[in-house]
Amino acid sequence: MNEMIMNILLFLSVSVLSYVSSETKMMVVWGEPDSVESTIKNSSISWNSCIELCLLSQECIMAWQSTGTCYIYNYYAITSVSQTTSEYGSVVAWKVNSPYHQCPVGMNPPTFDNQNATGSIFVDYDPSDWPMYIDYNIYLDGNKWKMSYSVNRSCSGEFQDIITHQDGSAMCVTNWYSSNDGDFSFDRGIELCRENTAMLATLIYPEDFAWFQNDVLTNLRSKLFEPDSYSRFDGKRKVSCQATPSAPECIGVEGFDFINTPVPTFEHYNWVTNSSAQDTPDDNCLVVVFKGDEPPKVDVRGCSDTTTPLKSRLVFCSNVAWKLDAVDYD
């Protein structure tokens, strides 16, 4: 939270308290929720602290206080809010978006001049769920405020984790492994990933290697038929380079095809030798080598299901994060 400014704003005869942070404001208006079901209750804080608690909470969209109790309404807890007047005395605080250092104007806040109030929250604190964006609309229906919202999750349930890169991009990740004496070919690796709405993982960033390798070393290696193994990931030598892997045009990423995101550079690849390696004519697919106590390294090994000297019992899968369709709720 970069900055917090507290202002008292006056809209005609309506007193509105605005806690401002970036483009998010808490706007206080006359109103009373029609339900307190699924709310979070706190009887030990003041009204101003109640508002601030909602502002700082990832999931909260509205706060209300009644008989000394603060009610926090997360996005899924709001049903409807009846408009009231100063004579009735009940107020609610909505979390809404508004331009930085500006306050909206017009009649009947927060739906000024019958325009929907909008907001967006980012939720990533819950380890049992994926990071998500919730975009919502507050609208007036008769004398009641209601809210609709959509949820956009970063990943789906088929994945184990999400990797966020330093440039802000992210990908959903998971691993396949074989506990028997089987061997995954490159094409079978593609199929296994697609069965989980994923693709054979493209490894570009240091964070990518770190996550996949840590998962294998920490969780999967002990489950393999033999602990030493290759792991499939995206990258197959171009047909035009398979007979001449050391040719200038075949060295580096230019010599490989990628079915997922193209790899711009091998900068973060820790090679056994280099990208032109080829012990047998079938050695044209990228793998990560897990062998003994040695640190994992990248090599070019067979694309078939009979790789040597190790077998390919692991498959790295991924997909670009934040590509799921949003789910709408009224």
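Hey, any hits in the stretch 246-264 for a residue that's more than 29 Å from CYS155 (Cα to Cα), assigned to a strand (DSSP E or B) and among the charged types (D, E, K, R)? Looking for residues that are more than 29 Å from CYS155 (Cα to Cα), assigned to a strand (DSSP E or B) and among the charged types (D, E, K, R), one finds none in the stretch 246-264, hence no.
Looking at VAL289, VAL239, which is the one that is of a type in the set (Val, Ile, Thr), assigned by TED's automatic domain parsing to the domain that holds ALA198 and in contact with a Pro (Cβ under 8 Å, 6 or more places away or on another chain)?
Working: VAL239 fails: in contact with a Pro (Cβ under 8 Å, 6 or more places away or on another chain).
Only one candidate qualifies: VAL289.
So which residues in the stretch 191-212 are crowded, with 21+ Cβ neighbours inside 10 Å and either assigned to a helix (DSSP H, G or I) or basic (Lys, Arg) (or both)? Answer for the stretch 191-212, where residues must be crowded, with 21+ Cβ neighbours inside 10 Å and either assigned to a helix (DSSP H, G or I) or basic (Lys, Arg) (or both): CYS193, TRP211, PHE212.
A single entry from TYR133, TYR71, TYR125, TYR75 fulfils the requirement of being modelled with pLDDT of 95 or more, out of contact with any Cys (no Cβ under 9 Å at 6 or more places or on another chain) and aromatic (Phe, Trp, Tyr): TYR133. The combined condition, being of a type outside the set (S, T, N, Q), closer than 30 Å to ASN74 by Cα, surrounded by 20 or more Cβ atoms within 10 Å (Cβ to Cβ) and in the same structural domain as PHE290 (by TED's automatic domain parsing), is fulfilled by MET171. In this structure, ILE121 qualifies as within 21 Å of the chain's Cα centre (by Cα), touching a residue at least 60 places away in the same chain (Cβ under 8 Å) and under 25 Å from SER46 (Cα atoms).
Report the residue count in the stretch 294-324 for those that are part of a loop (DSSP other than H, G, I, E, B) and either touching a helix residue (DSSP H, G or I) at 6+ places or on another chain (Cβ under 8 Å) or touching a residue at least 12 places away in the same chain (Cβ under 8 Å) (or both). Give the steps one after another, and end with the answer.
Let us first name the residues in the stretch 294-324 that are part of a loop (DSSP other than H, G, I, E, B), namely 294-296, 303-311, 321-324.
Subset that is either touching a helix residue (DSSP H, G or I) at 6+ places or on another chain (Cβ under 8 Å) or touching a residue at least 12 places away in the same chain (Cβ under 8 Å) (or both): 295-296, 303-308, 310-311, 321-322, 324.
So the answer is 13.
Does the stretch 243-268 hold any residues that are crowded, with 19+ Cβ neighbours inside 10 Å and under 27 Å from the mean Cα position of the chain (by Cα), and which are they? Lay out the reasoning, then the answer.
Kept after step one, since they are crowded, with 19+ Cβ neighbours inside 10 Å, are these residues of the stretch 243-268: 245, 250, 255-256, 260, 263, 266.
Once the filter is applied, which keeps residues that are crowded, with 19+ Cβ neighbours inside 10 Å and under 27 Å from the mean Cα position of the chain (by Cα), the stretch 243-268 yields ASN260, VAL263, PHE266.
Scanning the stretch 113-133 for residues that are of a type in the set (Phe, Trp, Tyr) and not in a strand (DSSP E or B) returns TYR125, TRP130.
Return yes when ILE259 is in contact with a Ser or Thr (Cβ under 7 Å, 6 or more places away or on another chain) and under 29 Å from HIS165 (Cα atoms) and no when it is not. Steps first, please.
Details: in contact with a Ser or Thr (Cβ under 7 Å, 6 or more places away or on another chain): no; under 29 Å from HIS165 (Cα atoms): yes.
It is false that ILE259 is in contact with a Ser or Thr (Cβ under 7 Å, 6 or more places away or on another chain) and under 29 Å from HIS165 (Cα atoms).
The set of residues in the stretch 37-81 being among the β-branched types (Val, Ile, Thr), outside any strand (DSSP E or B) and surrounded by 15 or more Cβ atoms within 10 Å (Cβ to Cβ) consists of THR39, ILE45, ILE51, ILE78. Residues that are in contact (Cβ under 8 Å) with a residue 24 or more places away in the chain and of a type in the set (Lys, Arg) were ranked within the stretch 207-254; the one that is farthest from THR280 (Cα to Cα) is LYS223.
The residue that is surrounded by the fewest Cβ atoms within 10 Å (Cβ to Cβ), among those in the stretch 302-330 that are over 30 Å from ASN137 (Cβ atoms) and aliphatic (A, V, I, L, M), is LEU310.
The condition of being over 17 Å from PHE212 (Cα atoms), modelled with pLDDT of 95 or more and part of a strand (DSSP E or B) holds for ASN284.
Can we say ASN284 is surrounded by 13 or more Cβ atoms within 10 Å (Cβ to Cβ), assigned by TED's automatic domain parsing to the domain that holds GLN213 and in contact with a Pro (Cβ under 9 Å, 6 or more places away or on another chain)?
Working: surrounded by 13 or more Cβ atoms within 10 Å (Cβ to Cβ): yes; assigned by TED's automatic domain parsing to the domain that holds GLN213: yes; in contact with a Pro (Cβ under 9 Å, 6 or more places away or on another chain): yes.
When the stated conditions are applied, ASN284 passes them.
Rundown of residues vs (1) within 21 Å of LYS291 (Cα to Cα); (2) aromatic (Phe, Trp, Tyr); (3) touching a helix residue (DSSP H, G or I) at 6+ places or on another chain (Cβ under 7 Å), yes/no style:
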{"position": "THR218", "(1), (2), (3)": "yes, no, no"}
{"position": "SER240", "(1), (2), (3)": "no, no, no"}
{"position": "ALA247", "(1), (2), (3)": "no, no, yes"}
{"position": "GLY252", "(1), (2), (3)": "no, no, no"}
{"position": "THR265", "(1), (2), (3)": "no, no, yes"}
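Checked against the criterion of being touching an Asp or Glu at 6+ places or on another chain (Cβ under 8 Å), buried (at least 21 other Cβ atoms within 10 Å of the Cβ), assigned by TED's automatic domain parsing to the domain that holds ASN108 and part of a strand (DSSP E or B), the candidates TYR136, TYR230, TYR149 yield just one match: TYR149.
What do you reckon, is GLY168 assigned to a loop (DSSP other than H, G, I, E, B), among the small types (Gly, Ala, Ser) and either out of contact with any Asp or Glu (no Cβ under 6 Å at 6 or more places or on another chain) or modelled with pLDDT of 95 or more (or both)?
yes
The values are calculated or read from the model by the stated rules, or taken from the named source; none is laboratory data. No experiment lies behind these values; they were computed from the predicted model shown. Note: ideal-geometry Cβ built from the backbone for every residue, glycine included; neighbour counts use all protein chains shown.
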